[in-house]
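Visitor: One structure, as structure tokens, below. Some questions next.
The values are calculated or read from the model by the stated rules, or taken from the named source; none is laboratory data. Every value quoted in this text rests on a predicted model; they were computed, and no experiment measured them. Don't worry about glycine lacking a Cβ; one is built from the backbone with ideal geometry, like all the others, and counts go over all protein chains shown. Heavy atoms of the whole protein, side chains included, go into the accessibility calculation; ligands, DNA and RNA do not. Shrake-Rupley method; radii C 1.70, N 1.55, O 1.52, S 1.80 Å.
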Amino acid sequence: MMNPIELKKAVGSGLLSFPVTHFDDQLTFDEPKYRRHVEWLSGYDAAALFAAGGTGEFFSLNPAEIPQVVRAAKASAGKTPIISGTGYGTSLAIEIAKAAEKAGADGLLLLPPYLMFAEQAGLIAHVKAVCQSVGIGVIVYNRDNAVLTAESIARLADECPNLIGFKDGVGDVDKVIEITTLLGDRLVYVGGMPTHEVYAQAYFAAGVTTYSSAVFNFVPALAQRFYGALRTGDQATVDEILKSFFFPFVALRNRKKGYAVSIIKAGLRVLGQNPGPVRPPLTDLTPEELTLLEKIVQANGVSRIAAE
């Protein structure tokens, strides 16, 4: 396992991604298919992979399954760091965090607690308790009912040496700028909006130069090409890929609630790699929507042969 400083450096070094979690027809974790998928992704130079994260359906996994997923990812990822999801209420988040650390996770992504909105003091206590329960690095995910202020993040950074990262899923770039300006290089900053590529240029301007790419699951070469164009200022390539892939992809994703995850599994299905269905309460794409996705993928030169 990496120490927190090593993990921070790794996360900031390139593109990140969240492997989907493979299930069989009975919605049981399909470890052999998952391991093959993680091994495939690790060949595309992701800076880190998030096992059992949001795109990996963390919310539908039971606590005993999460260390299973982490162990499978670690066994298949080679030198690529593996960051595990954790979350829910504080007690359960600590339990999952410890189990993930024991399973070999290099770090943790702390997702929002279950359901309740809370004051800053409560959110600070929650994040601090999880950080103090483990020795590995922790990235806090700011979104939904767990939105920390710049002052709260600064306090946590002072009190929790293993808090190494801040991931934004809110989209208020002015708040992100406030946080990055206040904390400087104390943390690594990660973009975490759904299909973050369409927001990436604004976040780059705010000092957030890495992000998690869900589409990396099925078009990793395209995802890396887009990221490389962003980093080098190749605006023509950025615009080309936004127009030909990401804008039509987002339009299809927005058709129904929960499709931010479902459409990623559908993308793998288009390429002939069957990750299994999503677990309820999510729903899979319809056959007609799957055909539309296939056209988007093919229009960008990605074929089953290339994926294989």
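Visitor: To the nearest 10 Å², what's TYR189's accessible area with a 1.4 Å probe?
Guide: The value for TYR189 is about 20 Å².
Visitor: Ok, one more. Calculate the radius of gyration of the Cα atoms of segment 20-83 to one decimal place, then report Dmax, the largest Cα-Cα distance, as a whole number, both in Å.
Guide: Calculated on Cα positions, Rg and Dmax stand at 10.9, 33 Å.
Visitor: If you don't mind, there's one more thing I want to ask. Report the net charge of residues surrounding HIS196, where surrounding means a beta-carbon distance below 15 angstrom and charges are Lys +1, Arg +1, Asp -1, Glu -1.
Guide: Charge balance near HIS196 sits at +1.
Visitor: Another question about this same structure. So for the chain, averaging the separation of alpha carbon pairs under 8 Å that are six or more residues apart and normalising by length, what relative contact order in percent results?
Guide: Relative contact order comes out at 18 percent.
Visitor: Quick one: Cα convex hull volume of segment 97-165, Å³ per residue?
Guide: Cα-based convex hull of segment 97-165, divided per residue, equals 78 Å³.
Visitor: Determine the calculated [θ] at 222 nm for the chain from helices alone, applying -39500 (n - 2.57) to every DSSP H run no shorter than 4 residues and normalising by the residue count; nearest 500 deg cm²/dmol.
Guide: Computed ellipticity for the chain at 222 nm equals -13500 deg cm²/dmol.
Visitor: Just the projected area, averaged over all directions, of the convex hull on the alpha carbon atoms of segment 107-146: how many nm²?
Guide: Here the figure is 2.6 nm², rounded to one decimal.
Visitor: Also, quick follow-up: Between THR149 and SER91, what is the spin-label point distance in nm, taking each point 7 Å from the Cα along the Cα→C-beta axis?
Guide: 3.0
Visitor: Looking at segment 27-168, send over the antiparallel percent of its DSSP beta bridges, to the nearest 5.
Guide: So the antiparallel bridges amount to about 5 percent of the total.
Visitor: Here's another thing I want to ask about it. Compactness ratio of segment 206-308: Cα Rg over 2.2 N^0.38 Å, N = residue count?
Guide: That works out to 1.09 for segment 206-308.
Visitor: Next question. Which order do PHE23, PHE247, PHE117 take when ranked by solvent-accessible area (1.4 Å probe, heavy atoms of all protein chains), largest first?
Guide: Sorted descending by solvent-accessible area, the residues read PHE117, PHE247, PHE23.
Visitor: Looking only at the chain, where both bridge partners belong to it, what percent of the DSSP beta bridges are antiparallel (to the nearest 5)?
Guide: Beta bridges within the chain, antiparallel portion: roughly 5 percent.
Visitor: May I ask for the Kirkwood hydrodynamic radius of segment 9-132, worked out over all distinct Cα pairs and given in angstroms to one decimal?
Guide: Over segment 9-132, the inverse of the mean reciprocal pair distance is 14.7 Å.
Visitor: Pick from GLY171, GLY276, GLY184: which is most flexible by mean-square fluctuation in a GNM of the chain where alpha carbon atoms under 10 Å apart are linked?
Guide: GLY184
Visitor: Let me ask something else about it. Roll a 1.4 Å probe over the protein chains and send me the accessible area per residue for segment 254-295 in Å².
Guide: Solvent-accessible surface per residue comes out at 46 Å².
Visitor: Going from most exposed to least, what order do LYS74, LYS295 have by accessible area with a 1.4 Å probe?
Guide: Ranked from most to least accessible, the order is LYS295, LYS74.
Visitor: Suppose accessible area is computed on protein heavy atoms with a 1.4 Å probe; arrange THR291, THR286 from highest to lowest.
Guide: I get THR291, THR286, largest accessible area first.
Visitor: Using Cα positions and a limit of under 29 Å, work out the lysines in reach of LYS256, with same-chain residues fewer than 8 apart set aside.
Guide: Qualifying lysines at Cα under 29 Å: LYS33, LYS167, LYS175, LYS243, LYS265, LYS295.
Visitor: Let me ask something else. How are the Cα pair distances of the chain distributed, in percent, across 20 Å bins from 0?
Guide: Computed distribution, short to long bins: 36, 60, 5.
Visitor: Using a 1.4 Å probe over the heavy atoms of the protein chains, calculate the carbon and sulfur portion of the accessible area of the chain as a whole percent.
Guide: 55
Visitor: Looking only at GLY169, GLY87, GLY192, which one moves most when the chain is put into a Gaussian network model with springs between Cα atoms under 10 Å?
Guide: Greatest mean-square fluctuation among the candidates belongs to GLY169.
Visitor: If Lys and Arg each add +1 and Asp and Glu each add -1, what is the summed charge of the other residues whose beta carbon sits under 10 Å from the beta carbon of GLN120?
Guide: Around GLN120, the charge tally is -1.
Visitor: Moving on to the next point. Which residue, PRO281, PRO81, PRO112, tops the fluctuation ranking in a GNM of the chain built on C-alpha contacts under 10 Å?
Guide: The residue that fluctuates most here is PRO281.
Visitor: Calculate the dipole size of the chain relative to its Cα centre from +1 charges on Lys and Arg beta carbons and -1 charges on Asp and Glu beta carbons; express the result in debye to the nearest 20.
Guide: 340
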